[in-house]
Amino acid sequence: MVIAAILRRKGAEVVSVGPQDDVATIARMLAQHRIGAVLVRDAAQDVLGIVSERDIVRCIAAHGVQAVALPAARLMTRVLHTVGPETKVTEALEMMTDRRVRHLPVLDQDGNLAGMVSIGDLVKARIDEALHEAEELRHYVETAG
């Protein structure tokens, strides 16, 4: 299975914030959308970075209550690990494990944002795939006898 199959099922919408949006605003967006990360994009919609729940926790640990007023540009992770629509789910899972990230922006062959996948999306896809394979094997065994 490839990332494009996950995006077809979940959609390509990506929640984003601006580099000037503060931590309080970002936290509200994460809670509202029930997600763990947002992309930081400029006015031209270019991706500048990503802010995750981990980034917010680290920011609060470093700055205390003043952290809620800091802009996304101050705490975002600027080095993005990305995948393409044709990346295999297993490769994406390996990348997430190796790089210790939970979200991967998906860029098409032209470098345009095509969506974002989370570790939860990938695990769900693998479980669905395993269940489907098990059902096919069960059906094969039942009809082969």
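The values are calculated or read from the model by the stated rules, or taken from the named source; none is laboratory data. Note that this is a predicted model, so its numbers are computed, not measured. Every residue, glycine among them, receives a Cβ derived from its backbone with ideal geometry; neighbour counts consider all protein chains shown.
Out of the residues in segment 73-92 that are within 21 Å of L39 (Cβ to Cβ) and among the basic types (K, R), which is farthest from the chain's Cα centre (by Cα)? Ranking the candidates gives R74 first.
Can you work out which of the residues in segment 35-45 that are in contact with a strand residue (DSSP E or B) (Cβ under 9 Å, 6 or more places away or on another chain) and outside any strand (DSSP E or B) is surrounded by the most Cβ atoms within 10 Å (Cβ to Cβ)?
Step by step, filter segment 35-45, then rank; the result is I35.
Here I56 meets the list (1) at pLDDT 95 or above; (2) surrounded by fewer than 18 Cβ atoms within 10 Å (Cβ to Cβ); (3) in contact with a helix residue (DSSP H, G or I) (Cβ under 7 Å, 6 or more places away or on another chain); (4) part of a helix (DSSP H, G or I) almost entirely, failing just condition (2).
Do we find that I26 is part of a helix (DSSP H, G or I) and either more than 15 Å from the chain's Cα centre (by Cα) or closer than 18 Å to L113 by Cβ (or both) in this structure? Judged against the criteria, I26 is a match. How many of the residues making up segment 93-145 are among the charged types (D, E, K, R) and either within 17 Å of I35 (Cα to Cα) or loosely packed, with under 10 Cβ neighbours inside 10 Å (or both)? Qualifying residue count, segment 93-145: 7. Among the residues making up segment 4-28, those that are touching a strand residue (DSSP E or B) at 6+ places or on another chain (Cβ under 7 Å), more than 17 Å from R74 (Cα to Cα) and either buried (at least 16 other Cβ atoms within 10 Å of the Cβ) or in contact (Cβ under 8 Å) with a residue 60 or more places away in the chain (or both) are I6, L7, A12, V14. R138 falls short of the stated requirement of being modelled with pLDDT of 90 or more and among the charged types (D, E, K, R). A residue that is assigned to a loop (DSSP other than H, G, I, E, B) and more than 16 Å from the chain's Cα centre (by Cα) can be found somewhere in segment 65-72.
Matching residues to (1) within 21 Å of P85 (Cα to Cα); (2) of a type in the set (D, E); (3) over 17 Å from the mean Cα position of the chain (by Cα):
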site	(1), (2), (3)
R9	yes, no, no
S16	yes, no, no
Q20	no, no, yes
R34	no, no, no
V47	yes, no, no
R58	no, no, yes
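Among the listed residues Q66, Q32, which satisfies the condition of being of a type in the set (S, T, N, Q) and within 14 Å of V17 (Cβ to Cβ)? It is Q32. Counting only residues that are of a type in the set (G, A, S) and more than 25 Å from E53 (Cα to Cα), segment 101-145 holds 5 of them. Against the definition (part of a loop (DSSP other than H, G, I, E, B) and hydrophobic (A, V, I, L, M, F, W, C)), how does L104 come out, yes or no? Judged against the criteria, L104 is not a match. Going by what's in this entry, would V101 be described as modelled with pLDDT of 95 or more, among the β-branched types (V, I, T) and touching a helix residue (DSSP H, G or I) at 6+ places or on another chain (Cβ under 6 Å)? No.
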